[in-house]
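Below you'll find the structure, written out as structure tokens, and then a few comments.
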Amino acid sequence: MKFVKTPPKHPALLVRISDDRDGDKAGVGRQEADARALAERLGWPQGELFVENDTSAFKRRTVKLPDGSTGLRVVRPEFRRLLEAITLGQVDGLIAYHLDRVARDPRDLEDLIDAVEQTRIPVESVTGSLRLSSDADITMARIGVAIANQSSRDASRRIRRKQEELAEQGQYGGGGARRYGYEADGVTLRESEAKVLRYAAQRVLDGASVTRVCRDLDEQGHRPVKAEKWSSRTLWDQLTSARIAGLRKHRGEIVGEAAWPAILDRDTWERVQVALNARRSPGARRELSHWLSGLLFCAHCGKALPANFVRDGMHRYWCHSGTRYGGCGRIAIHGPGAEGEAERQVVEYLTRPDVTRRLAEVTSRRGAERARTDLAEDEAQLRDLSRMWAEKVITLDEFTEARRIIQQRIDGAQAIQLAQVPEVARNVLRAAHPGESFAALEATPKRETARVLLSSLGFKGWTVTPHDPAKARRFDPTRMTLADVD
């Protein structure tokens, strides 16, 4: 059935380019100029522009579907907005550059066909490859998209194989934006930025939060590759990237040494990972203001006492009864007084030789180094075991049982690595006067160091008991007693 074309009053122009590495939108700009020129030749008004810059019409992602299930879909918000505008009658004509600029996924094409058949709008393309005005046109469009989809699959397979080959050789795979710390070729150090990452890594090892380091970098005038300011997520991703340790990663796995130089040596990089993994996710983590948060516990319900603002320059720790905290609301203690008493106790412990010796054992890196060696040996044995099974030297049952035992050891070694204490605790221990070093710390490293010290003694913090009504309303240090680890 052939559609009757009528000149549209509110046409749309769709332009799309898959890869805009330079970010200058030159590709979609050229398409727009050609599409507007075609509209002028056809006598159409200059309609609304729908732009898909740096957007693939082929790559699919796992998304949640309306029925609650998950499926693979091409994600194109602007294309979906265009279809909705057509269906609602807000758009009564469409011009695109070429069929493959409109769709490379058959599902997208079918959705466009449904919208066009429902509204009978005219569709034109600069190259003449996109026409949906008759059954023959629709059939040819389906064939064209099927060919374009196969072409994309072939290209994807070749690129994937090339990336695997480069990964095996430790070579740079190319593509995407310039990596911070390296030149555009991906392998030459940009020393000015490498120094920034080394500084940030050391600040994290010294106990500073990622948020605080971002603030410092902004104040010093350092900028990331594509933004005016540092965000916690950006810096977190930079410091956890295997690339800055000179390691090649492929499909989420480290596959060996890289061809480019490292910014951080392997040991420093691994210690940074330990420090970051010991913290919460960067998006949820804020700069700590009061260091006893998470170290004080309610004597009634056992919940932690968060810091609670009272007025300027004054705060308390309270068993918050809100939904977020779930406390009983029956215990509160003067903030500065509690912090002073806790600091006094920590400094006193740090001056005791037996506590210092125990803390030295906890903070020793020998455990981490031993775990790293064991981990490498077990991973090598696991590869040997897989080869033996592939060569039919052992049975599947023997392989499965041996793999289970080795995997348990690997999981244990990884747990030891992630359980290592922050570098700031080692710095306090090595100081000539540990008590003074602890007292001078900022809130976040102070809490982390106190937590390490307390855990080495078998405590998790302090339990806060109710105020004795027979006593005066002033801070009472006897309300704080050390709380055993659960």
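The values are calculated or read from the model by the stated rules, or taken from the named source; none is laboratory data. Remember, predicted model here, so these are calculated numbers, not experimental data. Ideal geometry is used to build each Cβ from the backbone, glycine not excepted, and the neighbour counts take in all protein chains shown.
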Looking at the stretch 93-137 only, could you name the residues that are among the β-branched types (Val, Ile, Thr), crowded, with 19+ Cβ neighbours inside 10 Å and either outside the structural domain of Glu48 (by TED's automatic domain parsing) or assigned to a helix (DSSP H, G or I) (or both)? Val102, Val116
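Conditions (1) polar (S, T, N, Q); (2) within 32 Å of the chain's Cα centre (by Cα); (3) at pLDDT below 85, marked per residue:
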{"site": "Pro7", "(1), (2), (3)": "no, no, yes"}
{"site": "Gln46", "(1), (2), (3)": "yes, no, no"}
{"site": "Asp54", "(1), (2), (3)": "no, yes, yes"}
{"site": "Leu99", "(1), (2), (3)": "no, no, no"}
Residue satisfying condition, being of a type outside the set (Val, Ile, Thr) and free of Cβ contacts under 8 Å to residues at least 12 places away in the same chain, within set Gly128, Gly93: Gly128
For the stretch 50-93 the number of residues that are over 30 Å from Pro7 (Cβ atoms) and in contact with a Phe, Trp or Tyr (Cβ under 9 Å, 6 or more places away or on another chain) is 1
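Could you tell me whether any residue of the stretch 40-53 is within 21 Å of Glu124 (Cα to Cα), hydrophobic (A, V, I, L, M, F, W, C) and out of contact with any strand residue (DSSP E or B) (no Cβ under 9 Å at 6 or more places or on another chain)?
Residues of the stretch 40-53 that are within 21 Å of Glu124 (Cα to Cα), as a first pass: 40-53.
Among the residues that remain, those that are also hydrophobic (A, V, I, L, M, F, W, C) are: 42, 44, 49-51.
Restricting the remaining residues to those that are out of contact with any strand residue (DSSP E or B) (no Cβ under 9 Å at 6 or more places or on another chain) gives none.
Looking through the stretch 40-53, none of the residues is within 21 Å of Glu124 (Cα to Cα), hydrophobic (A, V, I, L, M, F, W, C) and out of contact with any strand residue (DSSP E or B) (no Cβ under 9 Å at 6 or more places or on another chain).
Would you kindly identify the helices (runs of 4 or more DSSP H) lying entirely within the stretch 409-486 that contain at least 2 residues that are at pLDDT 85 or above, under 34 Å from the mean Cα position of the chain (by Cα) and over 26 Å from Gly327 (Cα atoms)? Spell out how you get there, then give the answer.
Working: elements: 423-430, 434-439, 443-456.
Of the helices (runs of 4 or more DSSP H) lying wholly inside the stretch 409-486, those with at least 2 residues that are at pLDDT 85 or above, under 34 Å from the mean Cα position of the chain (by Cα) and over 26 Å from Gly327 (Cα atoms) span 434-439.
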Strands (runs of 3 or more DSSP E) within the stretch 290-372 that include 2 or more residues at pLDDT below 90 and either among the acidic types (Asp, Glu) or surrounded by fewer than 20 Cβ atoms within 10 Å (Cβ to Cβ) (or both): 307-311, 314-318
Please name all residue pairs, on different chains or six or more residues apart, with Cβ atoms under 6 Å, provided the first residue is in the stretch 17-41 and is more than 10 Å from Tyr97 (Cα to Cα) and the second residue is of a type in the set (Gly, Ala, Ser) and modelled with pLDDT under 80. Ile17/Gly27
